[in-house]
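Report on one structure; see the data block that follows.
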Amino acid sequence: MIEKDAEKILENFSKSLDTIPDLEETYYITDNLNLERKDEAHPQDSARIVRNTKTDKDGNVVVKKADWV
């Protein structure tokens with residue numbers, strides 16, 4: 001049943017491709033590939049960055065020592 005449905009879909013698709021005209025307007029090449037935004041620095045609030053971290057009395061960030069050291 002699935003094979004018959006797949007064949008029918010492919011058949012209908014290839015019929016629909018026959019109706020597409022071979023005109024230059026149906027395809028195009030664009031030079032707008034790989035557009036990227038500018039690399040800009042954004043102001044950062046260090047207090048906001050470390051507000052969810054553990055700190056000692058001097059304000060240093062406290063982290064767990066790696067197990068492999």
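The values are calculated or read from the model by the stated rules, or taken from the named source; none is laboratory data. The model shown is predicted, which means the values in this text are computed figures rather than measured ones.
Observations
- Residue identified as modelled with pLDDT of 85 or more and of a type outside the set (S, T, N, Q) among Val62, Val69, Val50: Val62
- Filtered by the rule that a residue be at pLDDT 80 or above and either among the aromatic types (Phe, Trp, Tyr) or within 30 Å of Val62 (Cα to Cα) (or both), segment 6-39 gives a lone residue, Phe13.
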